[in-house]
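Before any comments, here is the structure.
The values are calculated or read from the model by the stated rules, or taken from the named source; none is laboratory data. It should be emphasised that the depicted structure is a prediction, and the values quoted were computed from it without experimental measurement. FYI the Cβ positions are ideal-geometry reconstructions off the backbone, even for glycines, and counts take in every protein chain you see.
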Amino acid sequence: MQADAVDDTLLISRQGRLGRLTVNRPKALNALDITLYRRIAAALAAWRDDPAVETVLIDSSSPRAFSAGGDLRALYALAREEGPDAAARVFRAGYRLVSVLAGYPKPVVSFMDGITMGGGVGLGAHVRHRIVTERSVVAMPEVAIGLTPDAGGSYLLSRAPGLYGLRLALTGGRMQGGQAVVAGFADRMLAASDLPDLAAALARRPPGEVVDLAPAAPRAVQEDMTAINALYDAPDVATLRERLARSDAPWAAEDREALARASPLSLLVTFRAWHAARRLPDLNSVLEQEYRLIGNLIRLHDFIEGVRAKIVDKDDAPRWQEGAGEAAAEACFMPRADTLDLPVFPEPV
(Lines give C-alpha, C1' and ligand atoms only; values in the text may rest on other atoms or scores of the structure.)
Protein backbone atom coordinates (compact mmCIF):
# COMPACT_ATOMS: atom_id res chain seq x y z
CA MET A 1 0.00 0.00 0.00
CA GLN A 2 1.28 3.45 -0.92
CA ALA A 3 0.56 6.12 1.71
CA ASP A 4 -0.08 9.57 0.28
CA ALA A 5 -0.39 11.39 3.58
CA VAL A 6 -0.71 10.52 7.23
CA ASP A 7 -1.89 12.94 9.90
CA ASP A 8 -3.48 12.74 13.30
CA THR A 9 -7.08 12.60 12.10
CA LEU A 10 -7.17 11.24 8.55
CA LEU A 11 -5.20 8.44 6.91
CA ILE A 12 -5.03 8.83 3.13
CA SER A 13 -3.67 5.89 1.15
CA ARG A 14 -3.81 4.14 -2.19
CA GLN A 15 -3.75 0.43 -2.95
CA GLY A 16 -4.10 -0.67 -6.54
CA ARG A 17 -7.13 1.06 -8.03
CA LEU A 18 -8.45 2.08 -4.60
CA GLY A 19 -8.11 5.43 -2.84
CA ARG A 20 -8.80 5.07 0.88
CA LEU A 21 -9.83 7.71 3.43
CA THR A 22 -9.72 6.42 7.00
CA VAL A 23 -11.04 8.67 9.76
CA ASN A 24 -8.68 8.37 12.72
CA ARG A 25 -9.98 10.04 15.87
CA PRO A 26 -10.87 6.94 17.90
CA LYS A 27 -10.85 8.63 21.31
CA ALA A 28 -13.42 11.15 20.01
CA LEU A 29 -15.47 8.43 18.26
CA ASN A 30 -14.24 9.97 15.00
CA ALA A 31 -16.03 13.27 15.60
CA LEU A 32 -15.81 15.46 12.50
CA ASP A 33 -14.38 18.98 12.53
CA ILE A 34 -13.70 21.52 9.83
CA THR A 35 -10.14 20.26 9.37
CA LEU A 36 -11.39 16.77 8.60
CA TYR A 37 -14.04 18.11 6.24
CA ARG A 38 -11.43 20.07 4.33
CA ARG A 39 -8.91 17.23 4.17
CA ILE A 40 -11.51 14.78 2.87
CA ALA A 41 -12.72 17.30 0.30
CA ALA A 42 -9.15 18.02 -0.84
CA ALA A 43 -8.42 14.31 -1.30
CA LEU A 44 -11.61 13.84 -3.31
CA ALA A 45 -10.73 16.82 -5.48
CA ALA A 46 -7.24 15.41 -6.12
CA TRP A 47 -8.58 11.97 -7.03
CA ARG A 48 -11.42 13.16 -9.21
CA ASP A 49 -9.29 13.32 -12.37
CA ASP A 50 -6.57 10.88 -11.30
CA PRO A 51 -6.84 7.83 -13.59
CA ALA A 52 -4.98 5.68 -11.06
CA VAL A 53 -7.85 6.00 -8.57
CA GLU A 54 -10.99 4.25 -9.82
CA THR A 55 -12.79 3.71 -6.49
CA VAL A 56 -12.80 5.55 -3.16
CA LEU A 57 -13.35 3.88 0.22
CA ILE A 58 -14.28 5.80 3.37
CA ASP A 59 -13.85 3.90 6.62
CA SER A 60 -12.67 4.19 10.22
CA SER A 61 -9.57 3.14 12.12
CA SER A 62 -11.77 2.06 15.04
CA PRO A 63 -14.27 -0.82 15.23
CA ARG A 64 -16.27 1.17 17.77
CA ALA A 65 -17.34 4.03 15.50
CA PHE A 66 -17.44 5.07 11.87
CA SER A 67 -18.24 8.57 13.13
CA ALA A 68 -20.44 9.72 15.99
CA GLY A 69 -21.06 13.00 14.13
CA GLY A 70 -19.82 16.55 14.31
CA ASP A 71 -17.43 17.61 17.05
CA LEU A 72 -20.09 19.13 19.30
CA ARG A 73 -17.69 20.11 22.06
CA ALA A 74 -15.66 22.15 19.58
CA LEU A 75 -18.81 23.68 18.08
CA TYR A 76 -20.05 24.61 21.56
CA ALA A 77 -16.77 26.39 22.33
CA LEU A 78 -16.71 28.09 18.93
CA ALA A 79 -20.28 29.37 19.26
CA ARG A 80 -19.63 30.73 22.74
CA GLU A 81 -16.24 32.29 21.98
CA GLU A 82 -16.61 33.52 18.39
CA GLY A 83 -20.37 33.53 17.87
CA PRO A 84 -22.88 31.45 15.91
CA ASP A 85 -21.60 32.55 12.49
CA ALA A 86 -18.28 30.87 13.21
CA ALA A 87 -20.08 27.65 14.12
CA ALA A 88 -22.25 27.94 11.01
CA ARG A 89 -19.13 27.89 8.83
CA VAL A 90 -18.29 24.43 10.18
CA PHE A 91 -21.77 23.14 9.35
CA ARG A 92 -21.46 24.72 5.92
CA ALA A 93 -18.23 22.85 5.20
CA GLY A 94 -19.83 19.58 6.28
CA TYR A 95 -22.96 20.01 4.16
CA ARG A 96 -20.97 20.98 1.09
CA LEU A 97 -18.89 17.84 1.55
CA VAL A 98 -22.11 15.80 1.62
CA SER A 99 -23.02 17.28 -1.76
CA VAL A 100 -19.56 16.44 -3.12
CA LEU A 101 -19.86 12.83 -1.97
CA ALA A 102 -23.35 12.40 -3.40
CA GLY A 103 -22.33 13.77 -6.79
CA TYR A 104 -18.83 12.29 -7.01
CA PRO A 105 -18.15 10.95 -10.51
CA LYS A 106 -16.28 7.86 -9.27
CA PRO A 107 -17.83 5.12 -7.14
CA VAL A 108 -17.47 5.71 -3.41
CA VAL A 109 -17.88 2.92 -0.84
CA SER A 110 -18.46 3.52 2.87
CA PHE A 111 -17.98 1.06 5.71
CA MET A 112 -20.39 2.42 8.35
CA ASP A 113 -19.16 -0.07 10.93
CA GLY A 114 -19.95 0.89 14.53
CA ILE A 115 -21.55 4.13 15.71
CA THR A 116 -22.72 6.26 12.78
CA MET A 117 -24.69 9.32 13.80
CA GLY A 118 -25.38 12.87 12.66
CA GLY A 119 -22.47 14.06 10.57
CA GLY A 120 -21.28 10.46 10.34
CA VAL A 121 -24.44 9.69 8.40
CA GLY A 122 -23.58 12.65 6.17
CA LEU A 123 -20.13 11.18 5.53
CA GLY A 124 -21.22 7.62 4.83
CA ALA A 125 -24.86 7.42 3.79
CA HIS A 126 -24.92 9.49 0.58
CA VAL A 127 -22.35 7.54 -1.43
CA ARG A 128 -22.92 4.89 -4.08
CA HIS A 129 -22.18 1.75 -2.02
CA ARG A 130 -23.15 1.97 1.67
CA ILE A 131 -22.18 -0.94 3.93
CA VAL A 132 -23.31 -1.57 7.51
CA THR A 133 -22.49 -4.46 9.84
CA GLU A 134 -23.82 -6.20 12.92
CA ARG A 135 -21.94 -3.58 14.96
CA SER A 136 -23.56 -0.59 13.27
CA VAL A 137 -25.73 1.82 15.25
CA VAL A 138 -27.20 4.50 12.99
CA ALA A 139 -29.16 7.53 14.19
CA MET A 140 -29.96 11.21 13.73
CA PRO A 141 -30.29 12.31 17.40
CA GLU A 142 -30.18 16.09 16.91
CA VAL A 143 -33.46 16.89 18.70
CA ALA A 144 -31.69 15.92 21.94
CA ILE A 145 -29.28 18.87 21.58
CA GLY A 146 -31.64 21.57 20.36
CA LEU A 147 -31.04 21.01 16.64
CA THR A 148 -32.76 19.12 13.81
CA PRO A 149 -31.56 16.23 11.59
CA ASP A 150 -28.93 17.55 9.21
CA ALA A 151 -25.96 16.56 7.01
CA GLY A 152 -28.48 15.27 4.51
CA GLY A 153 -30.06 13.07 7.18
CA SER A 154 -33.44 14.74 6.79
CA TYR A 155 -33.36 13.84 3.08
CA LEU A 156 -32.92 10.14 3.92
CA LEU A 157 -35.50 10.31 6.70
CA SER A 158 -38.03 11.92 4.39
CA ARG A 159 -37.53 9.10 1.84
CA ALA A 160 -37.75 6.23 4.35
CA PRO A 161 -40.76 3.87 4.06
CA GLY A 162 -44.05 5.32 5.25
CA LEU A 163 -43.69 7.50 8.32
CA TYR A 164 -40.80 5.51 9.76
CA GLY A 165 -38.41 8.37 9.00
CA LEU A 166 -40.59 10.88 10.82
CA ARG A 167 -40.53 8.67 13.88
CA LEU A 168 -36.74 8.38 13.72
CA ALA A 169 -36.37 12.14 13.24
CA LEU A 170 -38.53 13.05 16.24
CA THR A 171 -37.25 10.39 18.63
CA GLY A 172 -33.61 10.23 17.54
CA GLY A 173 -34.21 6.49 17.33
CA ARG A 174 -31.27 4.17 16.81
CA MET A 175 -31.19 1.68 13.95
CA GLN A 176 -29.22 -1.53 13.88
CA GLY A 177 -27.63 -2.50 10.58
CA GLY A 178 -30.64 -4.29 9.12
CA GLN A 179 -32.98 -1.46 10.08
CA ALA A 180 -30.65 1.04 8.40
CA VAL A 181 -30.94 -0.96 5.16
CA VAL A 182 -34.74 -1.00 5.38
CA ALA A 183 -34.82 2.75 6.08
CA GLY A 184 -32.62 3.56 3.07
CA PHE A 185 -29.53 4.65 5.02
CA ALA A 186 -27.49 1.71 3.71
CA ASP A 187 -27.52 -0.72 0.82
CA ARG A 188 -26.11 -3.91 2.26
CA MET A 189 -25.33 -5.48 5.62
CA LEU A 190 -22.15 -7.54 5.81
CA ALA A 191 -20.27 -9.20 8.64
CA ALA A 192 -17.68 -6.87 10.15
CA SER A 193 -15.10 -9.65 9.87
CA ASP A 194 -15.51 -9.58 6.07
CA LEU A 195 -14.58 -5.89 5.67
CA PRO A 196 -10.78 -6.33 5.38
CA ASP A 197 -11.20 -8.83 2.55
CA LEU A 198 -13.74 -6.55 0.90
CA ALA A 199 -11.33 -3.61 1.04
CA ALA A 200 -8.58 -5.75 -0.49
CA ALA A 201 -10.91 -6.83 -3.29
CA LEU A 202 -11.85 -3.21 -4.02
CA ALA A 203 -8.21 -2.56 -4.87
CA ARG A 204 -8.48 -5.05 -7.74
CA ARG A 205 -12.08 -5.10 -8.97
CA PRO A 206 -15.05 -2.76 -9.57
CA PRO A 207 -17.03 -2.05 -6.38
CA GLY A 208 -20.39 -3.14 -7.78
CA GLU A 209 -19.00 -6.57 -8.53
CA VAL A 210 -17.22 -6.83 -5.19
CA VAL A 211 -20.17 -5.74 -3.06
CA ASP A 212 -22.71 -7.82 -4.97
CA LEU A 213 -20.66 -10.97 -4.49
CA ALA A 214 -19.98 -10.39 -0.79
CA PRO A 215 -21.99 -12.69 1.51
CA ALA A 216 -24.75 -10.71 3.20
CA ALA A 217 -25.14 -10.98 6.95
CA PRO A 218 -28.56 -12.02 8.25
CA ARG A 219 -30.67 -9.09 9.36
CA ALA A 220 -33.73 -9.49 11.54
CA VAL A 221 -35.98 -6.47 11.17
CA GLN A 222 -39.23 -6.23 13.06
CA GLU A 223 -41.04 -2.94 12.69
CA ASP A 224 -44.82 -2.57 12.91
CA MET A 225 -45.02 -0.14 10.00
CA THR A 226 -48.82 -0.15 9.92
CA ALA A 227 -49.06 0.93 13.57
CA ILE A 228 -46.24 3.47 13.16
CA ASN A 229 -47.95 5.03 10.15
CA ALA A 230 -51.30 5.21 11.96
CA LEU A 231 -49.88 7.04 14.97
CA TYR A 232 -47.45 9.32 13.17
CA ASP A 233 -49.91 10.45 10.52
CA ALA A 234 -50.72 13.44 12.73
CA PRO A 235 -51.25 17.08 11.77
CA ASP A 236 -48.87 18.37 14.44
CA VAL A 237 -46.65 17.37 17.34
CA ALA A 238 -49.33 17.97 19.95
CA THR A 239 -51.70 15.52 18.27
CA LEU A 240 -48.90 12.99 17.95
CA ARG A 241 -48.19 13.23 21.67
CA GLU A 242 -51.87 12.60 22.42
CA ARG A 243 -51.92 9.54 20.18
CA LEU A 244 -48.78 8.11 21.74
CA ALA A 245 -50.25 8.69 25.21
CA ARG A 246 -53.31 6.63 24.30
CA SER A 247 -51.36 3.77 22.76
CA ASP A 248 -50.48 0.69 24.80
CA ALA A 249 -47.73 -0.43 22.41
CA PRO A 250 -44.36 -0.79 24.19
CA TRP A 251 -42.60 1.14 21.43
CA ALA A 252 -45.12 4.00 21.83
CA ALA A 253 -44.13 4.34 25.48
CA GLU A 254 -40.48 4.55 24.45
CA ASP A 255 -41.36 7.20 21.87
CA ARG A 256 -43.24 9.25 24.48
CA GLU A 257 -40.17 9.23 26.71
CA ALA A 258 -37.89 10.21 23.83
CA LEU A 259 -40.12 13.16 22.90
CA ALA A 260 -40.24 14.25 26.54
CA ARG A 261 -36.43 14.46 26.65
CA ALA A 262 -36.07 16.39 23.39
CA SER A 263 -36.05 20.14 22.87
CA PRO A 264 -39.69 21.19 22.36
CA LEU A 265 -38.64 23.73 19.74
CA SER A 266 -36.53 21.15 17.91
CA LEU A 267 -39.53 18.82 17.73
CA LEU A 268 -41.68 21.51 16.13
CA VAL A 269 -38.95 22.42 13.64
CA THR A 270 -38.19 18.80 12.83
CA PHE A 271 -41.84 17.93 12.24
CA ARG A 272 -42.15 20.80 9.74
CA ALA A 273 -38.78 20.10 8.18
CA TRP A 274 -39.52 16.42 7.54
CA HIS A 275 -42.76 17.22 5.75
CA ALA A 276 -41.07 20.02 3.80
CA ALA A 277 -38.17 17.76 2.79
CA ARG A 278 -40.61 15.28 1.26
CA ARG A 279 -41.71 17.98 -1.16
CA LEU A 280 -38.19 19.11 -2.10
CA PRO A 281 -36.85 17.59 -5.33
CA ASP A 282 -33.33 16.50 -4.43
CA LEU A 283 -30.60 16.22 -1.81
CA ASN A 284 -29.07 19.62 -2.56
CA SER A 285 -32.42 21.35 -2.00
CA VAL A 286 -32.79 19.58 1.35
CA LEU A 287 -29.23 20.48 2.34
CA GLU A 288 -30.02 24.15 1.72
CA GLN A 289 -33.08 23.83 3.99
CA GLU A 290 -31.00 22.13 6.67
CA TYR A 291 -28.38 24.86 6.54
CA ARG A 292 -31.04 27.54 6.92
CA LEU A 293 -32.55 25.72 9.92
CA ILE A 294 -29.26 24.93 11.64
CA GLY A 295 -27.96 28.45 11.04
CA ASN A 296 -30.97 29.83 12.87
CA LEU A 297 -31.16 27.18 15.61
CA ILE A 298 -27.54 27.58 16.74
CA ARG A 299 -28.34 31.19 17.64
CA LEU A 300 -30.96 30.07 20.15
CA HIS A 301 -30.81 28.96 23.76
CA ASP A 302 -31.55 25.27 23.24
CA PHE A 303 -28.46 24.43 21.19
CA ILE A 304 -25.97 25.71 23.75
CA GLU A 305 -28.01 24.20 26.58
CA GLY A 306 -28.43 20.86 24.84
CA VAL A 307 -24.70 20.43 24.15
CA ARG A 308 -23.90 21.58 27.69
CA ALA A 309 -26.19 18.94 29.20
CA LYS A 310 -25.28 16.07 26.87
CA ILE A 311 -21.61 16.65 26.06
CA VAL A 312 -19.95 19.23 28.30
CA ASP A 313 -21.39 18.80 31.82
CA LYS A 314 -23.03 15.45 31.01
CA ASP A 315 -25.78 15.96 33.59
CA ASP A 316 -28.41 14.99 30.99
CA ALA A 317 -30.73 17.61 32.45
CA PRO A 318 -31.18 20.32 29.81
CA ARG A 319 -33.30 23.32 30.74
CA TRP A 320 -35.10 23.96 27.48
CA GLN A 321 -36.56 27.27 26.42
CA GLU A 322 -40.07 27.60 27.78
CA GLY A 323 -43.06 28.61 25.69
CA ALA A 324 -41.49 27.98 22.25
CA GLY A 325 -44.39 27.51 19.86
CA GLU A 326 -45.18 27.28 16.18
CA ALA A 327 -44.24 30.93 15.56
CA ALA A 328 -40.73 30.28 16.88
CA ALA A 329 -40.47 27.16 14.74
CA GLU A 330 -41.62 29.04 11.65
CA ALA A 331 -38.98 31.72 12.28
CA CYS A 332 -36.27 29.06 11.96
CA PHE A 333 -37.24 28.62 8.31
CA MET A 334 -36.48 32.26 7.53
CA PRO A 335 -33.77 32.68 4.85
CA ARG A 336 -30.19 33.45 5.82
CA ALA A 337 -27.85 35.83 4.05
CA ASP A 338 -25.53 33.00 3.04
CA THR A 339 -26.31 29.72 1.29
CA LEU A 340 -24.41 26.55 0.44
CA ASP A 341 -24.03 27.48 -3.23
CA LEU A 342 -24.67 23.95 -4.44
CA PRO A 343 -23.57 21.97 -6.31
CA VAL A 344 -20.00 22.24 -5.07
CA PHE A 345 -17.79 20.13 -7.26
CA PRO A 346 -15.04 20.50 -8.45
CA GLU A 347 -14.16 23.20 -5.91
CA PRO A 348 -13.19 21.98 -2.39
CA VAL A 349 -15.27 23.10 0.59
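Confirm whether Ala151 is farther than 16 Å from Ala65 by Cα, in a loop (DSSP other than H, G, I, E, B), touching a Gly at 6+ places or on another chain (Cβ under 6 Å) and at pLDDT 95 or above.
Working: farther than 16 Å from Ala65 by Cα: yes; in a loop (DSSP other than H, G, I, E, B): yes; touching a Gly at 6+ places or on another chain (Cβ under 6 Å): yes; at pLDDT 95 or above: yes.
Taking the combined requirement at face value, the residue satisfies it.
From Pro63, Pro107, Pro51, grab the single residue that is without any contact (Cβ under 8 Å) to a residue 12 or more places away in the chain and not charged (D, E, K, R).
Pro51
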Q. Going by the conditions given, is Arg278 without any contact (Cβ under 8 Å) to a residue 40 or more places away in the chain and either touching an Asp or Glu at 6+ places or on another chain (Cβ under 7 Å) or closer than 27 Å to Gly177 by Cα (or both)?
A. no
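Arg278: surrounded by 19 or more Cβ atoms within 10 Å (Cβ to Cβ), touching a Lys or Arg at 6+ places or on another chain (Cβ under 9 Å), closer than 21 Å to Gly122 by Cβ and not polar (S, T, N, Q), yes or no?
On the way: surrounded by 19 or more Cβ atoms within 10 Å (Cβ to Cβ): no; touching a Lys or Arg at 6+ places or on another chain (Cβ under 9 Å): yes; closer than 21 Å to Gly122 by Cβ: yes; not polar (S, T, N, Q): yes.
Spelling it out, it is not the case that Arg278 is surrounded by 19 or more Cβ atoms within 10 Å (Cβ to Cβ), touching a Lys or Arg at 6+ places or on another chain (Cβ under 9 Å), closer than 21 Å to Gly122 by Cβ and not polar (S, T, N, Q).
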Q: Identify the residue in the stretch 118-132 that is of a type outside the set (Lys, Arg) and surrounded by fewer than 24 Cβ atoms within 10 Å (Cβ to Cβ) and, among all such residues, is farthest from Asn284 (Cα to Cα).
A: His129
**Q.** Failed item, numbered, when Glu290 is tested on (1) closer than 19 Å to Asp71 by Cα; (2) without any contact (Cβ under 8 Å) to a residue 24 or more places away in the chain; (3) acidic (Asp, Glu)
**A.** (2)
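Take Arg219 and tell me if it is surrounded by fewer than 18 Cβ atoms within 10 Å (Cβ to Cβ), modelled with pLDDT under 95 and assigned to a loop (DSSP other than H, G, I, E, B).
yes
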Q. Which residues, counting only those in the stretch 54-63, are surrounded by fewer than 20 Cβ atoms within 10 Å (Cβ to Cβ) and either assigned to a helix (DSSP H, G or I) or of a type in the set (D, E, K, R) (or both)?
A. Glu54
Q. Name the residues in the stretch 64-123 that are touching a Leu at 6+ places or on another chain (Cβ under 7 Å), in a strand (DSSP E or B) and aromatic (Phe, Trp, Tyr), would you?
A. Phe111
Q) Taking the stretch 30-52, which residues are crowded, with 20+ Cβ neighbours inside 10 Å and over 28 Å from Ala88 (Cβ atoms)? A) Trp47
(Q) If I go through the stretch 154-177 residue by residue, how many of them are in contact with a strand residue (DSSP E or B) (Cβ under 9 Å, 6 or more places away or on another chain), surrounded by 24 or more Cβ atoms within 10 Å (Cβ to Cβ) and free of Cβ contacts under 8 Å to residues at least 40 places away in the same chain? (A) 2
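Condition check: in contact with a His (Cβ under 9 Å, 6 or more places away or on another chain) and under 30 Å from Ala217 (Cβ atoms). Does Val138 satisfy that? Before the answer, list the steps.
Values: in contact with a His (Cβ under 9 Å, 6 or more places away or on another chain): no; under 30 Å from Ala217 (Cβ atoms): yes.
Considered against the rule, which asks whether it is in contact with a His (Cβ under 9 Å, 6 or more places away or on another chain) and under 30 Å from Ala217 (Cβ atoms), Val138 comes out as no.
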(Q) For the stretch 81-103, check the following and say yes or no: at least one residue is under 25 Å from Leu190 (Cα atoms), within 14 Å of the chain's Cα centre (by Cα) and among the small types (Gly, Ala, Ser). (A) yes
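Regarding Leu202, is this residue crowded, with 17+ Cβ neighbours inside 10 Å, at pLDDT 90 or above, aliphatic (A, V, I, L, M) and more than 18 Å from Ala125 (Cα to Cα)? Walk me through how you get there before you give the answer.
Numbers: crowded, with 17+ Cβ neighbours inside 10 Å: yes; at pLDDT 90 or above: yes; aliphatic (A, V, I, L, M): yes; more than 18 Å from Ala125 (Cα to Cα): yes.
So Leu202 passes the test.
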